[in-house]
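Worksheet: one structure, shown below.
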Amino acid sequence: MTSAETILKNAFAAAVAVADPKLIVPECLQQIFLPGQEPKGRCLVVGAGKASASMASALESYAAIHWPQVFLEGLVITRYGHYSPTSHIQIIEAGHPLPDQAGMDGAKAIFDLVNDLKQGDVMIALISGGGSSLLTLPQAGITMDDMRQTTEALLRSGAPIEEMNIVRKHLSAILGGNLARLAIAKGVRVEALLISDVTGNLPADIGSGPCAADYSTYQDAVDLLHQYHLGEGVIPASVLDHLWRGCLGEIAETLKEQDLQSAQVNNHVIATAYKSLEAAADYVDRLGYEVVILGDTITGEAQHVGIEQADLVKKAIADGRLKKKPLAFISGGECTVTLPTGIQGRGGRCSEFLLSFFNATHDIRNVSALAADTDGIDGSEKNAGAWFSPELRAVAQAQSLVAGQYLVQHNSYGFFAQLDALVETGPTLTNVNDFRIILVNTE
């Protein structure tokens, strides 16, 4: 009989595999550039995100076979440790989730490359989660330190990533469609390949949409800072001044739909969280589980979501749903972790969700679960997430580990590390948001 640990980890592996750039980038390129319609003239490849380097590698491999006459050049920025080898496209590693000088220098180089394009050239943009921080090029008057301070305040506030990005778009010379705007002015065709790590899969939200029309405004950004009590003393004065000037119309808005009329700009979402959930569901279905996909848009505080999913399991058991088949609940989305003042915390939103779920199911003997980030990195540590089974729960009891105490300190990493229950994959070189699976076996 297959162990719970093996099933959980194999389901996660299936979810990651279906979003592998080596598979999905060639498929998309084949659909965009039909035979005889390959790029002609200059073909510039730019991008940013945790998967951007592996996307660039996949693109080069495809082009070597199918576009031998096309000379590729360009630059993409990825997170430290997410490098993938390329021959023609330069790879820069930079800071994430906090931006750094390497990312800013890379973003400026991308800006200059696009600015040098001419009518008839083609730009292929490779964008994935993490691009918002990695593609940091502040607008005039805002420094890198200002961006770091603003990003850190947003991360601590507990704001969902889509709301964080509304603020960051309006501080950037590249995000919020500004990269496409630059290319449009040059008469360039733009094809953007996007790996989605956000709920809803809107191009404007993936990596803060450098090539997509933006639905948000400067006023939205100001309202969000007010909502999360991020004002003077927390957010740099240069940032607040810039946003207010934008509200007054003194600074151009981000790219809007009307700006794309007659423009050759296309955004292609080539991987989503839901496709990954379906791949995992197919795997556990073949093992005899009744699968319930809860959706890929689950958000909220990680601890609260853990309790909510524990309640779902308890209701399923009370309703007698285990009489025929064991159950598997699978979900995606991106939770948040709000850190109280004075608490540093260890871990990330996946392991925090799992610890909360572990604590809320202490009276259920036959439940196992795993939660991990598909990019291979969960929060502040180097693990993708964590897992547990009934056997590990018994080990925790034997070691007198009290989950509630670790939850108060937001130290999910420490709890699961003591159980040797961390999921450690290293960078997966893709990123389709968080993955959660719960197995409820029959008695």
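Computed values, structure above
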{"read-out": "Mean Cβ neighbour count within 10 Å, used as a protection proxy, ranking 181-188, 291-298, 248-255, 62-69 highest first", "value": "181-188, 291-298, 248-255, 62-69"}
{"read-out": "Alpha carbon centroid spacing (whole Å) that separates the range 240-283 from the range 120-159", "value": "13"}
{"read-out": "Proximal lysines relative to LYS314, as straight alpha-carbon distance under 17 Å, when same-chain residues fewer than 8 apart are discounted", "value": "LYS323, LYS324, LYS325"}
{"read-out": "The range 204-337, dipole about Cα centre (Lys/Arg Cβ +1, Asp/Glu Cβ -1), debye to the nearest 20", "value": "920"}
{"read-out": "Förster radius 30 Å - calculated FRET efficiency between GLU5 and ALA102 (Cβ-Cβ, nearest 0.05)", "value": "0.20"}
{"read-out": "Between 0 and 90°, nearest 10: helix 237-247 axis offset from the chain longest Cα axis", "value": "70"}
{"read-out": "Relative contact order of the range 86-232, pairs being alpha-carbon contacts under 8 Å that are 6 or more residues apart, as %", "value": "29"}
{"read-out": "Tensor-based shape of the range 330-443 (alpha-carbon gyration tensor, a/c under 1.5 rounded, otherwise prolate or oblate)", "value": "oblate"}
{"read-out": "Two-site label geometry, GLN227 and HIS304: point separation in nm, points 7 Å out along Cα→Cβ", "value": "1.3"}
{"read-out": "Antiparallel content of DSSP bridges confined to the chain, in %, to 5", "value": "35"}
{"read-out": "With Cα atoms, 0 to 90° folded angle of helix 21-32 axis to the chain main axis", "value": "40"}
{"read-out": "Peptide ranges 162-175, 47-60, 198-211 listed from the most packed, as the mean C-beta count within 10 angstrom indicates", "value": "47-60, 198-211, 162-175"}
{"read-out": "Distance between the range 340-419 and the range 47-93 - C-alpha centres, whole angstrom", "value": "36"}
{"read-out": "Farthest toward positive dipole pole in the range 275-412 [+1 Lys/Arg, -1 Asp/Glu at C-beta], among ALA318, ALA281, TYR406", "value": "ALA318"}
{"read-out": "Dipole magnitude (debye, nearest 20) for the range 262-315, charges at Cβ of Lys, Arg, Asp, Glu", "value": "60"}
{"read-out": "Apportionment of accessible area to carbon and sulfur, the chain, percent (1.4 Å)", "value": "51"}
{"read-out": "Spin-label pair GLN69/GLU424, simplified geometry with 7 Å Cα→Cβ offset, distance in nm", "value": "5.1"}
{"read-out": "Sequence ranges 426-434, 87-95, ranked by mean other-Cβ count within 10 angstrom, highest first", "value": "426-434, 87-95"}
{"read-out": "Under the Karplus curve 6.51 cos²θ - 1.76 cosθ + 1.60, θ = phi - 60°, whole-Hz ³J(HN,Hα) for the range 304-314, x wherever Gly or Pro sits", "value": "5, 5, x, 5, 4, 6, 5, 5, 4, 5, 4"}
{"read-out": "GLU253 versus ALA140: modelled label distance in nm, points set 7 Å from Cα along the beta carbon direction", "value": "2.2"}
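The values are calculated or read from the model by the stated rules, or taken from the named source; none is laboratory data. Note that the coordinates shown come from a computational prediction; the quantities given were computed from them, not determined experimentally. Don't worry about glycine lacking a Cβ; one is built from the backbone with ideal geometry, like all the others, and counts go over all protein chains shown. Each accessible area value is taken on the protein alone, full model and side chains, heavy atoms only, with ligands, DNA and RNA left out. Shrake-Rupley method; radii C 1.70, N 1.55, O 1.52, S 1.80 Å.
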